[in-house]
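See below for the structure under consideration.
The values are calculated or read from the model by the stated rules, or taken from the named source; none is laboratory data. Note that the structure is predicted; figures quoted are calculated from it, not measured. FYI the Cβ positions are ideal-geometry reconstructions off the backbone, even for glycines, and counts take in every protein chain you see. Surface accessibility is based on the protein's heavy atoms, side chains included, excluding ligands, DNA and RNA. Shrake-Rupley method; radii C 1.70, N 1.55, O 1.52, S 1.80 Å.
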Amino acid sequence: MAEIPTGSASQSKIVDILNEIWRKDFSATEDRLDHLRPAFETLANTLLEHYE
């Protein structure tokens, strides 16, 4: 979240960051990321409730 400037956080930006982390740190494939997308969107929505 620290990478996103205040006031510009969005679900898509958070999901992009989560995808990047999972690609880099967990060697996630695109198929795996597609499977995880609903969970990432839910997490992003939760974070947005408390971030802004």
Scan the range 1-19 and report the pairs whose first residue is of a type in the set (S, T, N, Q) and whose second residue is open to solvent by 70 Å² or more (accessible area, probe 1.4 Å) and in a loop (DSSP other than H, G, I, E, B), with Cβ atoms within less than 9 Å and a gap of 6+ or a chain change.
Thr6/Glu52
Select from the range 19-29 the residues that are under 21 Å from Ala9 (Cβ atoms) and not basic (Lys, Arg) and write down the one among them that is most open to solvent (accessible area, probe 1.4 Å).
Glu20
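If a residue must be part of a loop (DSSP other than H, G, I, E, B), of a type in the set (Gly, Ala, Ser) and open to solvent by 40 Å² or more (accessible area, probe 1.4 Å), how many such residues does the range 1-18 contain? Steps first, please.
Our first condition is that a residue be part of a loop (DSSP other than H, G, I, E, B); within the range 1-18, this holds for 1-10.
From what is left, the residues that are of a type in the set (Gly, Ala, Ser) are 2, 7-10.
Narrowing further to those that are open to solvent by 40 Å² or more (accessible area, probe 1.4 Å): 2, 7.
The total comes to 2.
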Filter result for Arg32 (touching a Phe, Trp or Tyr at 6+ places or on another chain (Cβ under 9 Å), free of Cβ contacts under 8 Å to residues at least 60 places away in the same chain and not aromatic (Phe, Trp, Tyr))
yes
State whether the residues of the range 30-45 include one that is assigned to a loop (DSSP other than H, G, I, E, B), open to solvent by 40 Å² or more (accessible area, probe 1.4 Å) and either at pLDDT below 95 or touching a helix residue (DSSP H, G or I) at 6+ places or on another chain (Cβ under 9 Å) (or both).
no
